[in-house]
Amino acid sequence: MLTRLSAVVAVLMTAVLAGTAGAVPPPPPNPSDAEISASRAEADAKAARVGELTGRLTQAESRLQELLDDVSYKRELANKARVDLETAISEAEAARRDATNARVEADAATAAVEKSRKELDDFAAASYAQGSTVGSFSAYLGAKSPEDLLARAQLLEAVSASSLNRLDQVTRDQGTAANLDASARAALQKAETKQAAADEAKKVAEQAQQAAVEAHSSQAAVTGELQSNKEAVERELAAARGAVSGLEAQRRQYDQWSEAKRREDEENARRAAAAAAAQAAPKPQSPRPIASAPAPSGNRVQTVINRALAQRGVIYAWGGGNYYGPTYGVRDGGVADSFGDYRKIGFDCSGLMMYAFAGVGVYLPHYSGYQYNSGRKVPLSQMAPGDMIFWGPGGGTHVALYLGGGMMVEAPHSGAVVRISPVRYGGIMPYVTRLL
């Protein structure tokens, strides 16, 4: 009976001691190799698709530029056709004015010829009425003397020559006017033909320009669709890569948890053995007082605090930070992604602790639950500067560095920056972890 009672007591003490030490938190997700491989294959396929679309987009953009150049060329041809048409219209108008003027001159010359002919006919008729015919012998009859006869001959000759010369000149003028009229008509016909040709050329050029614009618009639509598809696949690629990173991060966390669990099991076994040995040993008559944990050493603690405080103002990035400083965050598939943490260079809460303690040669894992079990447990009432404060089950929710005077430095959450804050007691763990 005593033996069984001792065994029960030993088991109970083991449970108590294990609970006091702080158990490893529940295991994180552990994706299988097949899941990780499938995720990587999907990311590779998306990357190949992005490459294909990039090549097609490059060709489409090149074709779009060619069509844009063609639009510019056709636009200039249309401008040329418009200028040519304006010139042809001006030339046709000038030819019409010249034709009108030539027609007026020809009509005037014809009228002058008719007038001269009529005057010549009237002179001939008057000469005949006087009993003589111009240039005939009867015109000289009745002369009183040889002088009178000579005067009559000279008068008749002068009248006849003047009338004939005038008629000849008017006839020549009429021919010249007719020639001008014919030339003007020919020039008008040529100008009108050029105007018609220029007008047709303008229509053809404008149609060619419109066709070029439509071809460019069509190609622009194709190029825009390719660009949109490429951007969509790039987003899918980023998500796929984020999924790969997330699964790989889960695997790393699971491996770290497995190691911590192994150490915990070994420690529990050791404690159980110690408890059994203690049960078998004689009991002291009075309980021994529990000694307080020694306060952390000064200079090294200050180094840790100074390194953490030097990062004030640095942006929060989930998964960010290591022993050497801030790093890009990683995707979490949720809140951190909505804040774009994977595009930011900063710290999360456990990343800040990694950097702070690396300054004194203490290298912590990037998980607050593991950091909680990385040193001596000290009651919250005895915390001192340089101790790590934890929240949530197993310290897995949040960690900060105690500064003293009720203040701490932390990387709080997405959208915030590293800052000094008053210690928050809601959800706080009853022990702090002391490393120094």
Q. What tally of residues in segment 324-356 results from selecting those that are in contact (Cβ under 8 Å) with a residue 12 or more places away in the chain, outside any helix (DSSP H, G or I) and of a type outside the set (A, V, I, L, M, F, W, C)?
A. 12
(Q) Just the residues that are within 29 Å of Tyr328 (Cα to Cα), open to solvent by 30 Å² or more (accessible area, probe 1.4 Å) and either free of Cβ contacts under 8 Å to residues at least 40 places away in the same chain or part of a strand (DSSP E or B) (or both), please, taken from segment 357-391. (A) Gly361
Q. Taking Ser90, is it open to solvent by less than 90 Å² (accessible area, probe 1.4 Å), more than 30 Å from Lys203 (Cβ to Cβ) and either free of Cβ contacts under 8 Å to residues at least 40 places away in the same chain or in a helix (DSSP H, G or I) (or both)?
A. no
Q. If you scan segment 334-351, which residues turn out to be open to solvent by 10 Å² or more (accessible area, probe 1.4 Å) and of a type in the set (Gly, Ala, Ser)?
A. Gly334, Ser338
Q.
Within segment 398-426, take every residue that is in a loop (DSSP other than H, G, I, E, B) and either closer than 12 Å to Phe347 by Cβ or in contact with a Ser or Thr (Cβ under 9 Å, 6 or more places away or on another chain) (or both) and give me the one that is most open to solvent (accessible area, probe 1.4 Å).
A. His413
**Q.** Among residues of segment 342-379, those that are of a type in the set (D, E, K, R) and over 17 Å from Arg312 (Cβ atoms), counted
**A.** 3
Q | Qualifying residues in segment 57-110 (those that are at pLDDT 80 or above and among the β-branched types (Val, Ile, Thr)) - the one farthest from the chain's Cα centre (by Cα) | A | Thr110
Q. Is it fair to say Pro31 is modelled with pLDDT under 85 and either of a type in the set (Phe, Trp, Tyr) or closer than 30 Å to Ser368 by Cα (or both)?
A. no
Q: Just give me the residues in segment 296-323 being within 35 Å of the chain's Cα centre (by Cα) and loosely packed, with under 14 Cβ neighbours inside 10 Å, in sequence order.
A: Arg312, Gly313
Q: Among what's in segment 38-59 and is touching a residue at least 24 places away in the same chain (Cβ under 8 Å) and hydroxyl-bearing (Ser, Thr, Tyr), pick the residue that is surrounded by the most Cβ atoms within 10 Å (Cβ to Cβ).
A: Ser39
(Q) Looking at Ser62, Ser32, Ser72, can you tell me which residue is free of Cβ contacts under 8 Å to residues at least 24 places away in the same chain, open to solvent by less than 70 Å² (accessible area, probe 1.4 Å) and within 30 Å of Arg252 (Cβ to Cβ)? (A) Ser32
Q | The one condition in (1) crowded, with 19+ Cβ neighbours inside 10 Å; (2) touching a helix residue (DSSP H, G or I) at 6+ places or on another chain (Cβ under 8 Å) that Met354 fails to fulfil | A | (2)
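The values are calculated or read from the model by the stated rules, or taken from the named source; none is laboratory data. Please read all numbers here as calculations on a predicted model, not as lab measurements. Here the Cβ is made from the backbone with ideal geometry for all residues, glycine too, and neighbour counts use every protein chain on show. Accessible surface areas use protein heavy atoms only, side chains included; no ligands, DNA or RNA. Shrake-Rupley method; radii C 1.70, N 1.55, O 1.52, S 1.80 Å.
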